[in-house]
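Just below is one structure, and these are the notes that go with it.
Just so it is clear, none of the values below were taken in a lab; they were calculated from the coordinates. Quantities reported herein were computed from a predicted structural model and do not represent experimental measurements.
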Amino acid sequence: MVWHHAPTRFEHILGVIYLCIFDTVRLLYGQYLFLPKKNIMASIFSKIIKGEIPSYKVAEDNQFYAFLDIRPLAKGHTLVVPKQEVDYIFDIDDSLLADMIVFSKGLGKAIESVVPCKRMGMTVLGLEVPHAHIHLVPINSVYDIDFKKPSVEMSQYEFVALAKKISDAYAA
């Protein structure tokens, strides 16, 4: 399900609790017991793509799903995720990875048209969720893309409104 309305505080808290439980289960069963990594359980991103967990969707096509990060480094911080569940970005097929970069480029331009910034930062970490993804972050300096800094506080209304603006700019 995609949030087309401002989610209630309960829905938001429920999503955060789910994230914590999912990460704990993945850590315990996926790493410490050395179970096969592939398809132990769907990643949280797969659940978002399927609509099992709500998100602030900004763009989607047949290969990718993009949504606002709920702990953004800046307003407009967006995650681009392939619909195919692949843990490590360098394990993605070359043609899909090339398409992912092109999709991210178009989306980055849309974000820049909505969120004032000097550049669109793009980074891949790959440790926080076992599903390859790209972070698109509006930046004004190199320090704006520091993942150690606290996230930007945004209301649910701001998330919904910003997702719509970016989505509209991307569709134009």
(request) Starting from one equal scatterer on each C-alpha and no solvent at all, send me the Debye-based log10 I(q)/I(0) for region 56-171 at q = 0.13, 0.15 Å⁻¹, two decimals. (result) -0.45, -0.61
(message) Could you tell me how far the Cα centroid of region 56-83 sits from the Cα centroid of region 105-172, in Å?
(response) 8
(request) Go through region 123-131 residue by residue and turn each phi into a ³J(HN,Hα) via Karplus (6.51, -1.76, 1.60, θ = phi - 60°); whole Hz please, and just put x for glycine and proline. (result) 8, 10, 9, x, 9, 7, 9, x, 7
(message) I want to check a number: in region 56-171, how many lysine pairs have alpha carbons closer than 16 Å, given a sequence separation of 8 or more or different chains?
(response) 13
